[in-house]
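A.B. asks: Before I ask anything, here is the structure I am working with.
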Amino acid sequence: RARGLRGAAGRGRAEPRHRDRRRRAHRDRRPAGVLHRPRDPQCQRLRRLRADERLRPARERHPGRRGLPRGADREHLLGRPRGRGRRSGAVARRSRGLRPDRRGPGAARAQRQCQRRAHPRHPAKRRGALRPRRGPRPPADRRRRPALLARLPRGEGPHGRALGARLRGRRSRPAGGPRPARRLRGRAPARQPGLTGTGFPRLFAPLDLGFVTLPDRVIMGSMHTGLEETGDWARVAAFYAERARGGVGLMVTGGMAPNSEGAVLPGAAGLFTREDLANHARVTAAVHAEGGRIAMQILHAGRYAYSDGAVAPSALRSPISRHVPRELDAAGIEKQIADIATAAARAREAGYDGVEIMGSEGYLLNEFLAPHTNRRSDGWGGDFTHRMRLPVEVVRRTRAAVGADFILIYRLSMIDLVPEGQTWDEVVRLARAVEAAGATIINTGIGWHEARVPTIATSVPRAAFTWLTRRLMGEVGIPLVASNRINAPEVAEAVLAEGAADMVSMARPFLADAEFLAKAKAGRAGAIVPCIACNQACLDHTFERKVASCLVNPRAGHETELVYAPAPRPRRIAVVGAGPAGIAAALVAARRGHAVTLFERAAAIGGQLDMARRIPGKEEFEGLLAYYRRAVAAAGIDLRLGTEASPDLLAPFGAVLVATGVRPRNPGIPGRQLPHVLGYVDVLRGRALVGERVVIVGAGGIGFDVATFLAQDGPSPTTDPALWRREWGVGDPALTRGGLAAEGPRPEPSPREITLLQRKPGRPGRGLGKTTGWIHRLGLQGKGVVMRGGVTYEEIVPEGIIVSDGPERADPRLIAADTIVICAGQEPERSLLDALAGRGIPAEVIGGADRAAELDAKRAIDQGSRLATRL
C-alpha cells in the first residue's frame, strides 16, 4: 500500500501492486544494453491485423463493436474462441489439434493464453484462424514414399534435386528441372525425426522398409565374437544389449551355421535344437528391451570349414585350410537350401527381426558363383545363369519360410579379388535376381578370405571400396549397404552424402565404443573411442579361438565381468607414465570417481603410440591419441607433462600406479658404439640421418615398423586410395574377373636398400598378428626389402655388419650398410619402482614396466583398465 501511495503522489493516481510487479519483471528480463524487447511473432501478426481493420468501417471490422477491440479480446480477433475454466483448453486442443510452438518464448506464451481462454464457440470463425505452425501436408502420391535412395538417379532426390541439397533444405535444382514446392508463409516445414540436433543428418535419417522403419542408416555388421561357443549366453545377451542401448538400430550376429557341415569349426554355434532356440531368444529379448533390432547371420562355410565334413561345389581345397571338401550332389545341394531356410524360420521363432544370408567372402554361396571354385557342368555350374542358381534359390526359399514382414539381407560379393572370380556384369545380374527373389537389403562383401589383398586392416584407406557400391546404386530398387573401413561418423555421413549407398555397415567401431551412435547423435563425436582397425584383439582372437574383444576397449566381450562401477571410497591416485597402460588406468579410475593425477616426463602423451602413429599405414593411431587428449581433459585428470615423478612427489597419494614403459634392449653386439649405429627411437622421431643402405637388427613388430617407415618415400598409400589400389593390384571387375589388375601389384619402390634380420630361425615376422602379419610381409617384399632369419650377429664394422648362419655360425659374411638400426626388443623401465620400494611406498606396476616381452598395446590397455577397476 505504501508503494501504491508513492506511485499516486508521483503520477496522480494509485496503481495496483500486481501491475507494478509485472512492469518491473518485464524490465528486469531485458538483456543488458537493450532498451526494448523485440516483439514476438504473434504480436507482429496482431499489429498487421489491426492495421487492416482500421481501413474498414467499424461494424465491418468487428460485428457488434465500435472501434478497435480491447486487449482482452485479442484471441477473439485472431479467430480463436474464448472460454473459461480448466476444461476449455483441453476441449480446444482436442477440437483443433494444437501442437507445441517452438518459435520462441513470446509465441509459446501467446499459445498458452489461447489454450487457457479457448472454448468451442463460434466454429465458423475458427476456420480461418491462425494456427501454430505445422508442416504442409504432402501430396497424396508422396505421403508414404519410402526413404529409399536406391530407386532414385545416383546422387539425386525425388525431383532431380541434388541429394545433399534436399537433405539440407537448400533451394538448389538443376537447370531446367522442376521447381521445389513453395513454402507456405506462416508454416514451418515438417520436422523429420532424427534430422535435428545432429551434425549427421543423413546418418540419422530413418529408413522405411515398408513393413518396418529403421531409425538410422547404420547396420552393426556381423562379427565372430566367440561368445556363443563359450555357452554363456548371458554374456552374449549383455554384449548385444549394450550396443542396442548405445543407439544401434539394427545389428547382425556372428555367423550361425545352418547344419554341421556348414560350421566353420567343429562345435561352432548354430540354431539346431530347442535349447538353441531358447538361448537365442534370450539374446533377442535383451536387445528388444533396449529398443534395438537384431538379425541373425546364416553362414555356410563351404570349403572354408575346418573339418573333414566340409562340402563345396567342387572338390577343390582352399589355400587356407588343409581339408579337401566333398563335392555336393543334387541331393546334397537340396539339403543345404532346406537347412538354410529352416534356420531362417527358427530365427524368426527365436525373436530375431531378420536374417542375413552370407553370400560373400568365399563361403559356400560365393563358391558356386565363381569359376575359380565351381567346375561343375550340371544345372548348378557352367554359365552364370546356372552358377547363380543356388544363392537365388536360397533367397527365394528363405523368403517363403519367413514371410513378407521379415528383414532379409543378402551379403553380396562386390569384388572377389581372386583369379577367375565374378565379373561386374555378373555382380549386377545377381543383385537383380536376389532382389526379385525377395531380399530386403543388399549388404556389401569385399574379397575372399584367401585373397592376397587386405580389405579391413588399418593400412587400408577409409571407405576404400565404396566406389563399388556406388556403381551398383540405381541397378536395384532395394537399399544398398556400403562396408569396410568406415569407422567414424563423418566418414559414414560422407558416404551417404555422395550417394554411394543407402546405408553403411560398421562392425569393429562398435567394439571400440558401444555408444558410437548415441554420442554422434548427441553432438559428441569427439568422445567416440576410435577403432584403429588393428585386428589385434578382435579378428586375431577369433582365429586363435579366443573371445573377441578390442584393443582400445577391453570391456568388449567382457561386459558382465569388467564393470566400471563407482568406487566405494574415492582416493587420490597417481599414475606415472602416459603411455597406453597409464592412460587406460587413469581414465577408468577417474570414471569410477577417483581423483587422478597423471605424470609424464615427455612433452606429450602416448608413449609407444606416439611413435606408432608415424608409421605409414598407421595413421589411425593419430586419431586415437587425439581422443586420449580430449578424454583426459574431459575426465578432469590432472595431467602434468614434462614432470619427472619422484618418491617425494608421490608419497602423499593414496595409491601409485607405475606405467613407465620400456627402454630399448642392448643386444650386446660388438661395435654397437659406432656412429652409424642408431636406435629405433631416434629414427622414428627424426633425430638422426639414415643412409641409403640400411640393416635392421630385429624383425619383431618394431623392426617391421621401422622397415616400413624407411621404405616409404612420399605420401602414405593409406591416405591415397588410388595409390593404394595400385600398390596392391586392385583393378576393376568390369575389366578383369575378380577385380585383380591385369598388371598385378605395382608398389612404389623403396628409396633405400633395406635388409631385415632376425636371430630366430624361420620366416621373419612370425610373431606378428595372425590376420595382419602377411600384409606387412607382402608389403615389404613388394618394395624390395630383403628378410633373413636364423642369423647370428658377429660384429658391427664401419662398412656394415658381419653375420653368420645359425648357432653353428657358418658362412660368416659382410652385409654392407651405411646405417645399422637396432630393434632388438625392449626391457622394462623400473627405476622409479625400485626407488619407491626403497622408500617403502607401495605401488602397482602395469604395461611394459611390468613385462616387456612381446609388448603390445592390447595387453597394456587391458592390464591398466582391469587394475583400475580394483582400486
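The values are calculated or read from the model by the stated rules, or taken from the named source; none is laboratory data. Just so you know, these numbers come straight off a predicted model, no measurement behind them. Don't worry about glycine lacking a Cβ; one is built from the backbone with ideal geometry, like all the others, and counts go over all protein chains shown.
A.B. asks: Those residues that are among the β-branched types (V, I, T) and either modelled with pLDDT of 95 or more or outside the structural domain of F384 (by TED's automatic domain parsing) (or both), I need them from segment 306-338; list them, please.
C.D. replies: V311, V324, I333, I337
A.B. asks: Any residue at all in segment 288-305 that is modelled with pLDDT under 95 and not β-branched (V, I, T)?
C.D. replies: No: zero hits.
A.B. asks: May I ask you to verify whether G765 is touching a His at 6+ places or on another chain (Cβ under 7 Å), closer than 25 Å to A533 by Cα and outside any strand (DSSP E or B)?
C.D. replies: yes
A.B. asks: From T455, T469, which residue is modelled with pLDDT of 95 or more and touching a Lys or Arg at 6+ places or on another chain (Cβ under 9 Å)?
C.D. replies: T455
A.B. asks: Still on this model: The conditions are (1) outside the structural domain of P266 (by TED's automatic domain parsing); (2) surrounded by 22 or more Cβ atoms within 10 Å (Cβ to Cβ); (3) assigned to a loop (DSSP other than H, G, I, E, B), and L562 fails exactly one of them. Which is it?
C.D. replies: (2)
A.B. asks: So which residues in segment 783-799 are under 20 Å from L678 (Cβ atoms) and either of a type in the set (V, I, T) or crowded, with 19+ Cβ neighbours inside 10 Å (or both)?
C.D. replies: V785, V786, M787, V791, Y793, I796, V797
A.B. asks: Continuing with this model, one more query. Could we say that G779 is assigned by TED's automatic domain parsing to the domain that holds L689 and among the small types (G, A, S) here?
C.D. replies: yes
A.B. asks: Still on this structure, please answer the following. Residues of segment 838-867 being under 27 Å from the mean Cα position of the chain (by Cα) and either in the same structural domain as G700 (by TED's automatic domain parsing) or among the charged types (D, E, K, R) (or both), which ones?
C.D. replies: Those that are under 27 Å from the mean Cα position of the chain (by Cα) and either in the same structural domain as G700 (by TED's automatic domain parsing) or among the charged types (D, E, K, R) (or both): D856, K858, R859, D862, R866.
A.B. asks: Oh, and also: Can we say R859 is surrounded by fewer than 18 Cβ atoms within 10 Å (Cβ to Cβ) and not acidic (D, E)?
C.D. replies: no
A.B. asks: Of the numbered conditions (1) buried (at least 22 other Cβ atoms within 10 Å of the Cβ); (2) out of contact with any Phe, Trp or Tyr (no Cβ under 9 Å at 6 or more places or on another chain); (3) in a helix (DSSP H, G or I); (4) modelled with pLDDT of 95 or more, L780 satisfies every one except a single condition; which is it?
C.D. replies: Condition not satisfied by L780: (2).
A.B. asks: Another question about this same structure. Taking interchain pairs and intrachain pairs at least six residues apart, which have beta carbon atoms under 6 angstrom, with the first residue in segment 492-521 and in the same structural domain as L624 (by TED's automatic domain parsing) and the second in a helix (DSSP H, G or I)?
C.D. replies: Listed pairs, sorted by first residue: none to list.
A.B. asks: Still on this structure, I have one more. Residues that are part of a strand (DSSP E or B) and in contact with a Phe, Trp or Tyr (Cβ under 8 Å, 6 or more places away or on another chain): does segment 818-841 have at least one?
C.D. replies: yes
A.B. asks: Among the listed residues T469, T385, which satisfies the condition of being assigned to a helix (DSSP H, G or I) and either surrounded by 24 or more Cβ atoms within 10 Å (Cβ to Cβ) or at positive phi (or both)?
C.D. replies: Being assigned to a helix (DSSP H, G or I) and either surrounded by 24 or more Cβ atoms within 10 Å (Cβ to Cβ) or at positive phi (or both) holds for just one of T469, T385, which is T469.
A.B. asks: What are the residue pairs meeting all of these: first residue in segment 722-739, first residue of a type outside the set (D, E), second residue buried (at least 18 other Cβ atoms within 10 Å of the Cβ) and part of a helix (DSSP H, G or I), Cβ atoms under 6 Å, and 6 or more apart or on different chains?
C.D. replies: L723/P717; W724/P717; G731/G739; P733/W424; P733/G739; A734/W424
A.B. asks: Which of the residues belonging to segment 814-845 are without any contact (Cβ under 8 Å) to a residue 40 or more places away in the chain and surrounded by 12 or more Cβ atoms within 10 Å (Cβ to Cβ)?
C.D. replies: L814, A837
A.B. asks: Determine whether segment 509-529 contains at least one residue that is in contact with a strand residue (DSSP E or B) (Cβ under 8 Å, 6 or more places away or on another chain), more than 27 Å from L609 (Cα to Cα), small (G, A, S) and not in a strand (DSSP E or B).
C.D. replies: Quick first cut of segment 509-529, residues in contact with a strand residue (DSSP E or B) (Cβ under 8 Å, 6 or more places away or on another chain) only: 510, 516-517.
When the remaining residues are screened for being more than 27 Å from L609 (Cα to Cα), the result is none.
Among the residues of segment 509-529, not one is in contact with a strand residue (DSSP E or B) (Cβ under 8 Å, 6 or more places away or on another chain), more than 27 Å from L609 (Cα to Cα), small (G, A, S) and not in a strand (DSSP E or B), which makes the answer no.
A.B. asks: Can you find, within segment 594-610, the residue that is modelled with the lowest pLDDT among those that are under 25 Å from the mean Cα position of the chain (by Cα) and not charged (D, E, K, R)?
C.D. replies: Within segment 594-610, the match that is modelled with the lowest pLDDT is Q608.
A.B. asks: Considering only segment 851-871, state which residues are among the acidic types (D, E) and modelled with pLDDT of 95 or more.
C.D. replies: Scanning segment 851-871 gives a single hit, D862.
A.B. asks: While we're looking at this one, here's another question. Looking at A612, is it closer than 30 Å to L780 by Cα and in contact with a Lys or Arg (Cβ under 9 Å, 6 or more places away or on another chain)?
C.D. replies: Working: closer than 30 Å to L780 by Cα: yes; in contact with a Lys or Arg (Cβ under 9 Å, 6 or more places away or on another chain): yes.
Yes; evaluated as a whole, the condition is true for this residue.
A.B. asks: Among the residues of segment 293-344, how many are in a loop (DSSP other than H, G, I, E, B) and surrounded by fewer than 24 Cβ atoms within 10 Å (Cβ to Cβ)?
C.D. replies: Step one: filter segment 293-344 for residues in a loop (DSSP other than H, G, I, E, B), giving 299-301, 305-310, 313-325, 328-329.
Going one step further and asking which of them are surrounded by fewer than 24 Cβ atoms within 10 Å (Cβ to Cβ), we end up with 306-309, 314-324, 328-329.
Qualifying residue count for the region: 17.
A.B. asks: If you check A404 against the conditions, is it part of a loop (DSSP other than H, G, I, E, B), touching a Leu at 6+ places or on another chain (Cβ under 7 Å), more than 27 Å from W724 (Cα to Cα) and assigned by TED's automatic domain parsing to the domain that holds T253?
C.D. replies: It is false that A404 is part of a loop (DSSP other than H, G, I, E, B), touching a Leu at 6+ places or on another chain (Cβ under 7 Å), more than 27 Å from W724 (Cα to Cα) and assigned by TED's automatic domain parsing to the domain that holds T253.
A.B. asks: From R737, R763, which residue is touching a Lys or Arg at 6+ places or on another chain (Cβ under 9 Å), surrounded by fewer than 21 Cβ atoms within 10 Å (Cβ to Cβ) and not assigned by TED's automatic domain parsing to the domain that holds V460?
C.D. replies: Of the residues listed, the single one that is touching a Lys or Arg at 6+ places or on another chain (Cβ under 9 Å), surrounded by fewer than 21 Cβ atoms within 10 Å (Cβ to Cβ) and not assigned by TED's automatic domain parsing to the domain that holds V460 is R763.
A.B. asks: In addition: Which members of segment 634-665 meet the condition of being assigned to a loop (DSSP other than H, G, I, E, B), touching a residue at least 60 places away in the same chain (Cβ under 8 Å) and not aliphatic (A, V, I, L, M)?
C.D. replies: Hits for segment 634-665 are S646, P652, F653, G654, T660, G661, R665.
A.B. asks: Go through segment 567-596 and give me each residue that's part of a strand (DSSP E or B) and crowded, with 22+ Cβ neighbours inside 10 Å.
C.D. replies: I573, A574, V575, V576, V596
A.B. asks: OK, next. Restricting the search to segment 618-665, which residues are aromatic (F, W, Y) and on the phi > 0 side of the Ramachandran plot? Outline the logic, then answer.
C.D. replies: Filtering segment 618-665 for residues aromatic (F, W, Y) gives 621, 627-628, 653.
If the condition is that a residue be aromatic (F, W, Y) and on the phi > 0 side of the Ramachandran plot, then no residue fits.
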